[in-house]
Amino acid sequence: MNEYKYVVKDRSGLRHEGTRQAVCQHDILMWARDNDFLPITVEEVGLTKKKTPFRRHGRVGSADIANFCWQLATMMKGGISITDALDTIADDMKNVKFSIIIRKISEGIKGGESFSDRIAAFPNTFDKLFYGMILAGESSGSMPTVLNRLANYYDSRDKLIRKVRGAMAYPLFVIGFMFVIITVMAVFIIPRFRTIFNSIGGKLPAFTEAFLGVYDLIINNAVYLLLILAAVITALVWYCRTVKGHEKLGRFTLSLPLFGQIILQAFMAMFCRTTSSLLSAGVSVLSSLDILGEMSKNDVIKHAILVTKDGIIKGSSISFSMAAAKLFPNLLLKMVRVGEQSGSLPDVLERTAEYYERRVEAAIETMTKMLEPILVISIGAIVLVVIIALYLPIFYLSDIKG
């Protein structure tokens, strides 16, 4: 547990300061939100560089948008006008880019534009899901409620994205570390042993000769090998940018062992949570599917959403249309059918999203447990081969001298 110093405002605008123990800064933000406080600054006691949980520059991420929604919802519930709330949030925002965007939104609203129109002017920051729910909130007059739903959605999505990225980053880090080890051995260690062998003279063991032969082949043709590798990568990137190549890449990604299941289950979680949020805000099913289709970059998933939408337009039920897409698992189809029949589809999808998020966590844990020994053994095997090849002549030193 770490100790954090916080500064918050209540609904009446009064500032409150204090310290609180938590695992991370996000827990302090959640505590402030649950108590209807507006977080101003949160800093870990003893650290002077990290004065807020927000980035000072760079892109606007899901966590930034979630915090923005929580702050705006809290202030609007307290009776503060949307322009005053936006100006206050912009003043306290440490992400410079996001602060400028919020000020521009406030200026546009003061000039007579609606909140949703100003949101639509920044598509790189606010996606169509955000715009659609804000538009629905304006129409229904339930803006604070919609903002809270958006905050929960982006917070959950941020957690899920970080988990999936963490799962992908682990093997890449180990592979990169393996490459560093091989490079150090090839540049510094093997050449020194080659000098020692040449000074000793004599015939080297067959295993060492074969190892050095492969080493010489790679080193002497390194430039050509790198050019070939660059050409192959360039060709693959070009092909994947074509319509057919992009579709095959999507199928290949989903067919990968372990990784494919994580990506697919993460999509199911996002599909359920996004649809639940949109339907709860009053967005139609067809509009929700349009938004989902634009959010996904995988052509296989996009096609499944398109098939589902076409089926609904033709008069089929949501669950039957999803089944025709041949992508959604039976559990999700059954849950959607139950939600349709009971008239509680948003709530059912929300619970289903939580189930798939737990499945993603379990899949990541399983993958990590399986990959860890495989990668460690791979590194050990490479190091072992090099050690045997380089030290084997020393064991047969008498034969080399003879």
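Fewest-first ordering of F37, F193 by other beta carbons within 10 Å of each residue's beta carbon gives F193, F37.
Mind ordering 375-382, 281-288 by average Cβ neighbours within 10 Å, highest first?
On the way: 375-382: 12.9, 281-288: 17.4.
The peptides rank, most packed first, as 281-288, 375-382.
Looking only at F177, F126, F320, which one moves most when the chain is put into a Gaussian network model with springs between Cα atoms under 10 Å? Residue with maximal mean-square fluctuation among F177, F126, F320: F177. Across all directions, the average projected area of the convex hull around the alpha carbons of segment 2-156 is 8.6 nm². Using the Kirkwood radius over Cα pairs, work out the Stokes-Einstein diffusion coefficient for segment 267-402 at 4 °C and 1.567 mPa s, in µm²/s as a whole number. Answer, rounded: 71 µm²/s. Dividing the helix sum by the residues of the chain, where each DSSP H run of 4 or more adds -39500 (n - 2.57), gives a mean residue ellipticity at 222 nm of -24500 deg cm²/dmol.
Starting from the Cα gyration tensor of the chain, take the square roots of the eigenvalues, sort them a ≥ b ≥ c, and report rounded, prolate or oblate (rounded when a/c is under 1.5, otherwise prolate if a/b is larger than b/c, else oblate). The shape class here is prolate. When L349, L172 are arranged by Cβ crowding within 10 Å, least crowded first, meaning fewest neighbours, the order is L172, L349. So which aspartates and glutamates pass the test for K369, namely a Cα distance under 15 Å, with those fewer than 8 places away in the same chain ruled out? In chain and number order, the partners are E361.
Pull out a ≥ b ≥ c, the square roots of the eigenvalues of the alpha-carbon gyration tensor of segment 257-327, then state rounded if a/c is under 1.5, prolate if not and a/b is larger than b/c, and oblate in the remaining case. Taking the square roots of the gyration eigenvalues as a ≥ b ≥ c, segment 257-327 is oblate. The residue list A73, I161, A151 was ranked by how far each Cα lies along the charge dipole of segment 62-179 toward its positive end, using unit charges on Cβ atoms, and I161 comes out on top. Checking the cross-link pairs K163/K326; K104/K128; K248/K302 against a 21 Å limit on the alpha carbon distance flags K163/K326 as lying beyond it. Over the chain, with a Gaussian network built from C-alpha contacts below 10 Å, which listed residue (L72, L392, L86) shows the highest mean-square fluctuation? Looking only at L72, L392, L86, the largest GNM fluctuation is found for L392. Sorting 227-234, 143-150 by their mean Cβ neighbour count within 10 Å, with the most densely packed peptide first, gives 143-150, 227-234. Here's the list of lysines a cross-link from K203 could span, going by alpha-carbon distance under 27 Å and ignoring same-chain residues fewer than 8 apart: K401.
Counted by neighbouring Cβ atoms within 10 Å, the residues W70, W238, W31 run from fewest to most as W238, W31, W70.
With a cut-off of 8 Å between alpha carbons and a minimum separation of six or more residues, what is the relative contact order of segment 159-281 in percent? The value is 25 percent. Quick one, could you list the DSSP H helices from the chain stretching 30 Å or more along their long axis (Cα atoms) with average Kyte-Doolittle hydropathy of 1.0 or above? Qualifying helices, which must be both long enough and hydrophobic enough, are 259-280. Ignoring lysines fewer than eight residues from K110 along the same chain, none have Cα atoms less than 17 angstrom from its Cα.
Readers should treat all values here as calculations from the given coordinates under stated rules, not as data from a laboratory. Quick caveat: nothing in here was measured; it's all calculated off a predicted structure. Every residue, glycine as well, gets a Cβ built from its backbone with ideal geometry; the counts of neighbours run over all protein chains shown.
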